[in-house]
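Just so you know, all these numbers are worked out from the coordinates, no wet-lab data involved. Everything numeric here is computed off the predicted structure, so don't read it as measured data. Neighbour counts are summed over all protein chains in view; Cβ atoms, including those assigned to glycine, are modelled from backbone coordinates with ideal geometry.
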Amino acid sequence: MSCNTMQDISIQTNENGNTSLQFKTSQRYLLLPIEDTGDELQTELFVDDKLVNSYVIRLAKNKIDYWVPLDLSQWQGKAIKIEIPGLNESAVCLKEIKLSNNFDFDFDEKYRPAYHFTPPYGWMNDPNGMVYYGGEYHLFYQYNPYGTRWQNMSWGHAVSTDLTHWQHLPVALYPDSLGTIFSGSAVVDETNSAGFQTGGEKTLLAFYTQAERGGQWQSLAYSNDKGRTWTKYAGNPVLKKANTPDFRDPKVFWYAPANKWIMVLAVGNHAEIYSSANAKEWTFESGFGANYGSHDGVWECPDLLQFGEKWVLLISNDRVANVRHSATQYFVGSFDGHTFTCDFSPTEQHWLDYGKDHYATVSWANAPDDRKIVLAWMSNWQYANDVPTKNFRSAMALPRYLTLAQENGKYLVKSYPVEEIQARRGKAGNVPDFNTNRIFDVPTNGIFEILLEIEAQAAQQFGFNLKNSKNESVEFAFDLQKNEFSVDRAKSGIVNFNATFATKSVAPVLAKPAHTLRVFVDKSSVEAFLDGGEAAITNLVFPNEPYKQIEFFTKDNQFKINDLKIFKIE
Ligand code: FRU
């Protein structure tokens, strides 16, 4: 037995290499030293001898990479015991673990974006439970509060009034005896269909998958205080299906013509539609998609959105067998309250973004003016756990709005940044005569927007590089012979943390006399929108220093820049 006397933590290790910590405290946090790629240790927390939770935590055995706080505020003065099998007394964390009222860390680390949403610390993946209510856009997200790699899925929470400034709120849903909390959605229960409303505020309902030992089922929680606190429904889970290991990511919306809720679920290689009058009892309606679109990996995170007469089904598809790997595809068709019927031929594939870092795209419920605003996780399952950030991993892409267009007789879902982002533009940079110059400075802190109109004239292969003085660059290029636009990050900076990172992303270009390009750069990401959102490419980048210049090039003939503006984003 050893004792961390300074902190009044009594530490016991036994001959099997298991450790237990015991203390009573009035301090707010137990600060846990973490080794990023250390062993996953199943850590059990007991309060007054009762097991209250169990987490997988990579407590540092050899070296400390960063710290995470375990919030003790609800157990002040009580007897707390933490049991950690597989940790022996030589582990460095046992010398450093401490009680504290504060948790300080380097929030503004090098690759922390300035105007994209990030969790305060810890790991994040999919956006969840997005709903607009009472002037606030709620964003919940897949969250690991105890490390910056995927684990312990919970719903983190933030709110915004303008979709670009976010206020962090406490974690909304933690794992429970039915499992961890996977992706899902939230709605406003306008008619109190579920019967949970108690006061003047409408009830918000959250639907989420619980995952436990290979099983997945859907649960329900509700809030009567504008999403600040959530109560899990006592009858959970509300929807189970036998022998179905992949059964997840409920997206729920109110279908007014039939006065019922519709839930779309990702079920292995297809989507399933269920309906309910009270949000608690669900009836199977139909399945879609086993023979449609891309099926290289399982389907995930569905969404079904109405555009007038037409409906768009979004499906995220992990492990797409081309360079993209994790990407969101879409299907255009009709929906009659029971069945989605697709207008595409089964072999067609349509993608919302052609970059590597735009996944799990879903929409905000109840958005004002019925705007179809979506958000995506800006990473890729291929390397998300390895990216070179420290106290946090992953950002969300910019919120975008979707429109359904027709080009050359074919449906096209366009995506473009929400107008709100324009309010964050600083003064436009001074762009010297862009008809004669080919090199321009950009704000040096790596936080800016480029607006460009470019006319190919006789050129076919041309574009520009975003560069820094370390010879690192991202290439944005048109190849009009192939009707392609590409973003190549092979030389963009740190790329060697994963063999699949140094890639070139290619999007189709529709023929036009001149093309517009809008590019958002935010320290560790570039998002390019071509021709008003006809195609988009979102990619992470990790330059060793911020990009400082745009340098145009042509591989054949001269082209003309019709307009070039560079804005700081503030
Ligand atoms: C998509 C996904 C979802 C799942 C969640 C788990 O990225 O795999 O299907 O609910 O992440 O974190």
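About the Cα centre of segment 89-225, how large is the charge dipole given +1 on each Lys and Arg Cβ and -1 on each Asp and Glu Cβ? Please answer in debye to the nearest 20. Kindly include the intermediate steps, with their values, before the conclusion.
Details: 7 positive and 15 negative charges, 66 e Å.
Result for segment 89-225 is approximately 320 debye, rounded to the nearest 20.
Averaging sequence separations of C-alpha pairs under 8 Å and six or more residues apart, then dividing by the length of the chain, give the relative contact order as a whole percent. Kindly include the intermediate steps, with their values, before the conclusion.
Details: 1574 pairs, mean separation 59.5, N = 570.
With pairs under 8 Å counted, the relative contact order is 10 percent.
Around Gly429, which amide H atoms from residues at least 5 apart in sequence, or from another chain, sit under 5 Å from its own amide H, with H modelled in the peptide plane?
Ile566, Phe567, Lys568
Go through segment 292-297 residue by residue and turn each phi into a ³J(HN,Hα) via Karplus (6.51, -1.76, 1.60, θ = phi - 60°); whole Hz please, and just put x for glycine and proline.
Here the 3J(HN,Hα) series is 10, x, 8, 9, 5, x Hz.
Starting from the amide H of Leu99, placed 1.01 Å from N in the peptide plane, find each other amide H under 5 Å away whose residue is 5 or more places distant or on another chain.
Sorted by chain and number, the residues that satisfy this are Leu31.
Of the beta bridges DSSP finds with both residues in the chain, what % are antiparallel, to the nearest 5? Show your work: numbers first, answer last.
Working: 179 of 183 bridges.
Close to 100 percent.
Do the sum for the chain: with -39,500 (n - 2.57) for every DSSP H run of n ≥ 4, divided by all residues, what is the mean residue ellipticity at 222 nm, to the nearest 500 deg cm²/dmol? Walk me through the numbers on the way to the answer.
Numbers: 1 runs with 4 residues, N = 570.
Here the helix-only value at 222 nm equals 0 deg cm²/dmol.
Once you order the gyration tensor axes a ≥ b ≥ c over the Cα atoms, which shape class does segment 2-100 get: rounded for a/c under 1.5, otherwise prolate or oblate by comparing a/b with b/c?
rounded
What three numbers, in Å, describe the spread of the alpha carbons of the chain along their principal axes, ordered from the longest?
That works out to 78, 59, 42 Å along the principal axes.
Any of Lys410/Lys512; Lys110/Lys470; Lys470/Lys568 with alpha carbons more than 19 Å apart? Name them for me.
Those over the limit are Lys470/Lys568.
Going by a ≥ b ≥ c, the root eigenvalues of the Cα gyration tensor, does segment 128-286 fall in the rounded group (a/c under 1.5), the prolate group (a/b larger than b/c) or the oblate group?
Judged from the Cα gyration tensor, segment 128-286 comes out oblate (a/c at least 1.5, b/c at or above a/b).
Using θ = phi - 60° and the Karplus curve 6.51 cos²θ - 1.76 cosθ + 1.60, what whole-Hz ³J(HN,Hα) does each residue of segment 100-115 get, with Gly and Pro shown as x?
Result, ordered by residue: 7, 8, 10, 10, 10, 7, 7, 4, 8, 5, 3, 9, 6, x, 8, 10 Hz.
Any idea what the alpha-carbon Rg over 2.2 N^0.38 Å comes to for segment 122-417?
Working it through for segment 122-417, the quotient is 0.93.
What ranking do Trp261, Trp254 get, fewest neighbouring Cβ atoms within 10 angstrom at the top? Walk me through the intermediate numbers first.
Values: Trp261 23, Trp254 18.
Listing Trp261, Trp254 from fewest to most nearby Cβ atoms yields Trp254, Trp261.
Can you compute the charge dipole magnitude of segment 420-534 about its Cα centre, using +1 on each Lys and Arg Cβ and -1 on each Asp and Glu Cβ, nothing else charged? Give it in debye, rounded to the nearest 20.
For segment 420-534, the charge dipole is close to 320 debye.
Report ³J(HN,Hα) in whole Hz for each residue of segment 32-38, in order, from the Karplus equation J = 6.51 cos²θ - 1.76 cosθ + 1.60 where θ = phi - 60°; Gly and Pro get x.
9, x, 10, 10, 3, 10, x
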